[in-house]
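Asker: My questions will all concern the structure given below.
The values are calculated or read from the model by the stated rules, or taken from the named source; none is laboratory data. Note that the coordinates shown come from a computational prediction; the quantities given were computed from them, not determined experimentally. Ideal geometry is used to build each Cβ from the backbone, glycine not excepted, and the neighbour counts take in all protein chains shown.
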Amino acid sequence: MSGHSKWSSIKHKKGAADAKRGKLFSKLARAITVAARDGGGDPDGNPTLATAIQKARDASMPKDKIQKAIDTGTGAGGADGAAIERIVYEGYGPAGVAVLVEALTDNRNRASAEIRHAFSKHGGNLGEPGSVAWIFEKKGAVAVDAGRYGEDDLMPAIDAGAEDVREEGDQLRVICEPSDLTAVRQALEEAGVEIVSAGVATEPKSTVELRGHDAERLLRLLDTLDDQDDVDEVFANFDIPEDVLEKLAA
């Protein structure tokens with residue numbers, strides 16, 4: 001399990017993800033708009049849109065706001081989502097941890113300035129395009145409730161092409177190639193396994209273990225980036241022991 005996944009899970013349990021619901025809904029709507037604009041408004045044929053909608057539902061975003069974001073992306077009713085662009089920033093955090101930032105913004109200059117400031121303020125620095133992207137890879141990921149299911153229940157996913165099953169807090173996460181995601185999800189659903197979430201995720205190929213001051217500084221950097229209006233997703237290849245994460249999150 002990647003450190004960033006564990007950190008996000010712990011923050012979500014503590015309710016931190018809902019502390020600024022208005023800002024959260026704005027980010028979720030932007031992600032839905034861009035996904036619908038780039039891949040169409042039908043989530044059955046657009047895995048990126050399906051993932052964005054699921055995230056919005058998990059955050060209790062109202063259905064009408066979700067539909068409005070889809071309409072903006074597809075241009076329905078005269079709405080226009082063309083002004084929003086997706087930009088990927090690459091950089092390094094404390095102890096050389098690789099950080100990948102995906103931004104959705106209508107103001108490239110503002111986003112670049114704020115993200116650059118966040119890195120420099122918390123002991124990191126922005127890198128050139130391609131400097132850390134090679135450390136990450138796109139994978140299909142299907143999450144189920146670890147309290148209800150065990151690894152034996154997920155065997156149909158292996159037969160459908162899944163590569164690995166990882167325990168991540170209170171969830172089991174089935175990992176596969178993005179092209180196998182639909183088949184893996186369908187195999188689990190046909191076996192009666194209830195899906196918590198499914199989509200394409202960015203996974204680190206290797207991780208850097210952190211403790212102490214470096215761990216604190218990196219988590220402050222990630223929190224600052226997450227808090228930026230233009231930032232959609234942040235990925236980092238760190239690993240911090242769960243007991244240390246819990247202590248830092250307290």
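Asker: Right, I175: farther than 27 Å from I32 by Cβ, β-branched (V, I, T) and buried (at least 16 other Cβ atoms within 10 Å of the Cβ) or not? Talk me through it step by step, then tell me what you get.
Answerer: Working: farther than 27 Å from I32 by Cβ: no; β-branched (V, I, T): yes; buried (at least 16 other Cβ atoms within 10 Å of the Cβ): yes.
So I175 does not fit the description; no.
Asker: Then there's this: With the structure loaded, tell me whether A133 is surrounded by fewer than 16 Cβ atoms within 10 Å (Cβ to Cβ) and closer than 22 Å to I240 by Cα or whether it fails that test.
Answerer: On the way: surrounded by fewer than 16 Cβ atoms within 10 Å (Cβ to Cβ): yes; closer than 22 Å to I240 by Cα: yes.
Considered against the rule, which asks whether it is surrounded by fewer than 16 Cβ atoms within 10 Å (Cβ to Cβ) and closer than 22 Å to I240 by Cα, A133 comes out as yes.
Asker: Within segment 45-62, track down each residue that is among the charged types (D, E, K, R) and under 15 Å from V200 (Cβ atoms).
Answerer: Passing the criteria: only K55.
Asker: Can you find, within segment 220-245, the residue that is farthest from the chain's Cα centre (by Cα) among those that are farther than 20 Å from A201 by Cβ and buried (at least 20 other Cβ atoms within 10 Å of the Cβ)?
Answerer: L221
Asker: Can you pull out every residue in segment 146-168 that is in contact with a strand residue (DSSP E or B) (Cβ under 8 Å, 6 or more places away or on another chain), within 13 Å of D180 (Cα to Cα) and of a type in the set (D, E)?
Answerer: Listed by number, the residues that qualify are E163, D164.
Asker: Go through G169, G161 for me and flag whichever is farther than 29 Å from A103 by Cβ, in contact with a Ser or Thr (Cβ under 9 Å, 6 or more places away or on another chain) and surrounded by 15 or more Cβ atoms within 10 Å (Cβ to Cβ). Give the derivation first.
Answerer: Details: G169 fails: farther than 29 Å from A103 by Cβ.
Every option except G161 fails the conditions.
Asker: Go through the residues of segment 54-61 one by one and say whether even a single one is touching a helix residue (DSSP H, G or I) at 6+ places or on another chain (Cβ under 8 Å), assigned to a helix (DSSP H, G or I), over 23 Å from V88 (Cβ atoms) and at pLDDT below 85.
Answerer: Within segment 54-61 (the criterion being touching a helix residue (DSSP H, G or I) at 6+ places or on another chain (Cβ under 8 Å), assigned to a helix (DSSP H, G or I), over 23 Å from V88 (Cβ atoms) and at pLDDT below 85), the answer is no, since none of the residues qualifies.
Asker: Looking at (1) modelled with pLDDT of 90 or more; (2) not assigned by TED's automatic domain parsing to the domain that holds Y92, which one does T182 not meet, given that it meets all the others?
Answerer: With respect to (1) modelled with pLDDT of 90 or more; (2) not assigned by TED's automatic domain parsing to the domain that holds Y92, T182 is out only on (1).
Asker: Continuing with this model, one more query. Kindly indicate whether any position in segment 213-225 is of a type in the set (V, I, T) and under 30 Å from T105 (Cβ atoms).
Answerer: Yes, segment 213-225 has at least one match.
Asker: If only one of R217, R166 is at negative phi, of a type in the set (K, R) and modelled with pLDDT of 90 or more, which one is it? Give the steps one after another, and end with the answer.
Answerer: Working: R166 fails: modelled with pLDDT of 90 or more.
Going through R217, R166 in turn, just one is at negative phi, of a type in the set (K, R) and modelled with pLDDT of 90 or more: R217.
Asker: Among the residues of segment 20-60 satisfying the criterion of being out of contact with any strand residue (DSSP E or B) (no Cβ under 6 Å at 6 or more places or on another chain) and hydroxyl-bearing (S, T, Y), which is surrounded by the most Cβ atoms within 10 Å (Cβ to Cβ)?
Answerer: Only one residue tops the list, namely T33.
Asker: Would you please list the contacts, defined by Cβ atoms under 8 Å and residues six or more apart or on different chains, that run from a residue in segment 156-169 that is within 30 Å of E242 (Cα to Cα) to a residue that is assigned to a helix (DSSP H, G or I) and among the hydroxyl-bearing types (S, T, Y)?
Answerer: Short answer, once both residue conditions are applied: E168/S5; E168/S9; G169/S9.
Asker: Six or more apart or on different chains, Cβ under 6 Å: which pairs go from a residue in segment 52-73 that's within 15 Å of G39 (Cβ to Cβ) to one that's assigned to a helix (DSSP H, G or I) and among the charged types (D, E, K, R)? Could you list them?
Answerer: Listed by first residue and then by second, the contacts come to G73/R37.
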